Every structure is written in structure tokens, then in C-alpha cells.
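This report refers to the structure that appears directly beneath it.
The values are calculated or read from the model by the stated rules, or taken from the named source; none is laboratory data. Here the structure is a predicted model, which means the values were calculated and not measured. Cβ placement follows ideal geometry from the backbone for every residue including glycine, while neighbour counts extend to all protein chains displayed.
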Ligand SMILES: Nc1nc2c(ncn2[C@@H]2O[C@H](COP(=O)(O)OP(=O)(O)OP(=O)(O)O)[C@@H](O)[C@H]2O)c(=O)[nH]1
Ligand SMILES: [Mg+2]
């Protein structure tokens with residue numbers, strides 16, 4: 001089933017021949033693991049945000065910038081700045097509260113908001129018939145932590161309901177759900193709120209994503225680019241690198257380790273020779289307990305090697321140079337409860353301090 005918009009939105013069809021360039025911010029919010037980062041990457045055509053099957057992968061708001069060319073007679077050129085956000089969950093520590101703060105920030109400065117729900121999961125909101133989703137499995141992204149977090153959708157919806165901007169309801173992972181279940185889900189969700197548009201999509205299979213992009217342009221105000229053409233994120237490379245290392249940790253470890261891990265770049269030397277460029281990077285992986293450190297290092301250092309090798313490949317493809325990557329693991333007791341440490345992880349803040 002391809003994505004389609006509900007017709008009749010306030011500004012639908014407003015784009016006219018010869019109209020001026022449009023630009024704006026589109027924030028993407030939803031429960032953890034819904035596929036927000038997958039969508040932002042798909043629309044940007046670049047890996048701006050890391051994606052894993054584990055919930056709470058994204059920790060900060062991340063911009064994915066898309067330049068949409070004009071279509072003669074159909075629509076003007078546009079620049080859309082997508083703002084990927086951490087999955088909304090009940091905060092249990094300082095890190096969680098910081099993540100929720102990032103969501104609030106993303107909801108403050110935006111032109112359109114996308115509320116993403118995961119059609120493969122159980123959705124039960126007041127005023128709608130329960131949607132059962134599909135059984136947990138590898139395809140649905142593990143789901144170990146999860147079903148206790150059922151009211152996360154309700155929590156996000158409460159935020160979304162209060163907004164005064166157009167809200168697109170995006171129902172993701174339709175590749176996992178039979179059509180007979182999808183049709184009533186769309187109907188039930190559409191009763192909840194006056195959504196500007198409703199799009200069933202598959203971010204992973206890129207089904208419906210182009211249509212979504214086209215429709216978003218119609219809702220953007222006239223305006224010039226916020227970022228130079230060709231720039232696809234606001235996050236400097238060294239922070240993308242830290243994220244790629246963290247992605248590897250999330251993929252290679254289980255239980256509490258992914259959640260208790262943070263990565264800080266300690267040394268970042270750009271290539272000196274143009275002929276055979278090499279970037280030298282040293283990074284510290286922080287965890288909270290000696291037992292987690294032992295897991296991260298592994299027997300004879302095997303796990304850390306695996307994390308390093310996997311991350312290095314990704315970093316080389318991002319930077320287009322060879323990479324020398326040195327990783328070490330540090331224990332910082334209960335860092336997720338430390339205001340100072342959590343704030344120090346914020347790349348925007350790190351950047352300010354470097355300048
Ligand atoms: N089958 C299927 N899986 C998807 C789709 N979109 C995303 N996924 C998978 O869902 C998992 C979570 O995707 P993410 O993009 O990291 O989700 P997120 O909403 O950014 O998660 P957080 O950052 O934790 O809030 C990954 O395993 C994705 O590959 C989809 O359309 N279909
Ligand atoms: Mg994410």
C-alpha cells in the first residue's frame with residue numbers, strides 16, 4: 001500500500017506556478033523505536049541519525065536537511081529541516097529528562113510536526129478501539145524492554161494535541177501489518193484529532209516517503225534556506241563519529257549496557273596528507289559499572305575490537321578517509337544521574353566550549 005495524504009488540508013494544493021521558495025522545520029516525534037530516525041535518514045538520503053532495533057537509540061535532536069527541487073508548474077523549491085528527536089518515554093533519570101527536554105525544544109521551533117506511530121505495536125488510546133499490532137520478533141525490533149511502555153503513545157499524543165501547527169499523523173512499519181488491520185487503525189486514529197494529513201508508510205522500505213515529502217512542502221511557509229545547499233545535517237563530523245561508535249555498542253551488547261553507555265571523542269586529528277588521508281580518532285566509552293566495562297571489553301579484548309572494527313568501517317565511509325580508531329572504556333558511576341556529565345554529552349554544548 002503506498003502512502004497517501006488525506007485530501008482537504010487547509011493549505012493543500014496551495015503551491016502555484018512561479019510561487020516563491022519555501023522553507024521550514026518539521027519535527028518528528030513519537031515513542032521509542034517507532035522508526036523516526038529511519039524516516040529522517042530515508043528523506044535526507046544520508047545517515048544523519050543512528051538506527052538500531054533497541055528503543056531509546058536517539059538521545060539528542062538531530063537535523064536532517066533536505067533540498068527539494070522545484071517541479072515546473074507544480075511546486076516551488078523548498079528546504080525542509082527535519083528534526084529527529086529521542087523517543088518519548090517516562091523519564092527515570094537525568095539523561096531521560098534531558099532527552100524529553102530535547103523533544104520539547106523540537107516542538108517549540110517548528111512549522112509542521114510529524115507524530116509517528118508504529119503500526120506493528122499495540123496502540124490503545126482513549127477514544128479508539130485497541131489496535132493489537134503484530135507479535136514481537138526480530139523484524140519488529142526485538143521488543144524486550146517494552147510492553148510495559150504501552151502508554152508512551154498516549155504521552156506523545158498529549159503533547160501533540162496541544163500544538164497550534166499542522167500535525168501529520170504518520171503510521172509507520174505498514175510492511176509488517178496486514179491491510180485488514182491497517183484500514184481500521186487509520187480510521188480509529190483519525191477520530192482522535194484534526195490531523196492535517198495522515199500517511200501510512202514504511203520508512204525502512206521507503207514506501208510512501210516521497211509522497212510525504214511532497215505534501216510537507218505544501219505546508220511550509222515561504223522563506224529562504226536555513227542551511228547552505230548540499231549540507232545535510234548541522235552536526236559536525238566528530239559528533240557523527242561518536243554516534244557511529246555508540247550505534248555499534250548498541251548493536252553488539254545487550255541488557256543494560258547500551259543504555260549505560262556514552263561516547264566522548266577525546267582526540268580528533270584530520271588528515272595531514274592529501275595523498276593517503278588518515279583521520280586519527282581516540283574515543284572513550286563510558287559505562288556505569290565495572291561489570292559493564294568487562295562486557296564492553298570482552299574476553300581478551302574481543303568485544304571492544306569488534307565494536308572498533310565495525311565502527312571504523314562506518315566512519316571511513318562517512319569521512320572518505322582511512323581511519324585509525326582507538327577506543328577505551330571508562331567507568332563513571334551512575335553518570336546518567338549526573339547533571340554535569342549528561343550536559344557535557346550534548347554536542348552543541350561541547351562545540352561552544354571548543355570555540
Ligand atoms: N519493518 C520495519 N521496520 C522499521 C521501519 N522503520 C524502522 N524500522 C526498524 O525499527 C527499528 C527502530 O528504528 P529507529 O529509526 O531507530 O527508531 P526511532 O523511532 O528513531 O527510535 P528511538 O531513537 O529509540 O526513539 C529499527 O530496527 C528499524 O530498522 C519500517 O518501516 N518497517
Ligand atoms: Mg531514533
### Selection from region 53-67 of residues that are away from ligand 2 (no atom under 16 Å from the Cβ) and surrounded by 19 or more Cβ atoms within 10 Å (Cβ to Cβ)
65, 66
### Any chance residue 67 is more than 10 Å from ligand 1 (Cβ to nearest atom) and either over 18 Å from residue 27 (Cβ atoms) or touching a residue at least 12 places away in the same chain (Cβ under 8 Å) (or both)
yes
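Conditions tested, residue by residue: (1) more than 11 Å from ligand 1 (Cβ to nearest atom); (2) out of contact with any helix residue (DSSP H, G or I) (no Cβ under 7 Å at 6 or more places or on another chain).
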| residue | (1), (2) |
| --- | --- |
| 38 | no, yes |
| 50 | no, no |
| 55 | no, no |
| 58 | no, no |
| 63 | yes, yes |
| 83 | yes, no |
| 98 | yes, no |
| 104 | yes, yes |
| 109 | yes, yes |
### Query
Just checking, how many residues over region 36-52 are more than 8 Å from ligand 2 (Cβ to nearest atom) and part of a loop (DSSP other than H, G, I, E, B)?
5
### Message
I need the full set of residues from region 1-36 which are surrounded by 16 or more Cβ atoms within 10 Å (Cβ to Cβ), at pLDDT below 95 and away from ligand 1 (no atom under 16 Å from the Cβ), in order please.
### Response
5, 6, 9, 15
## Note on the structure
How many residues of region 82-98 are surrounded by fewer than 22 Cβ atoms within 10 Å (Cβ to Cβ) and within 24 Å of residue 213 (Cβ to Cβ)? The answer is 0
### Query
Under the condition of being part of a helix (DSSP H, G or I) and within 14 Å of ligand 1 (Cβ to nearest atom), which residue from region 85-96 is farthest from residue 262 (Cα to Cα)?
96
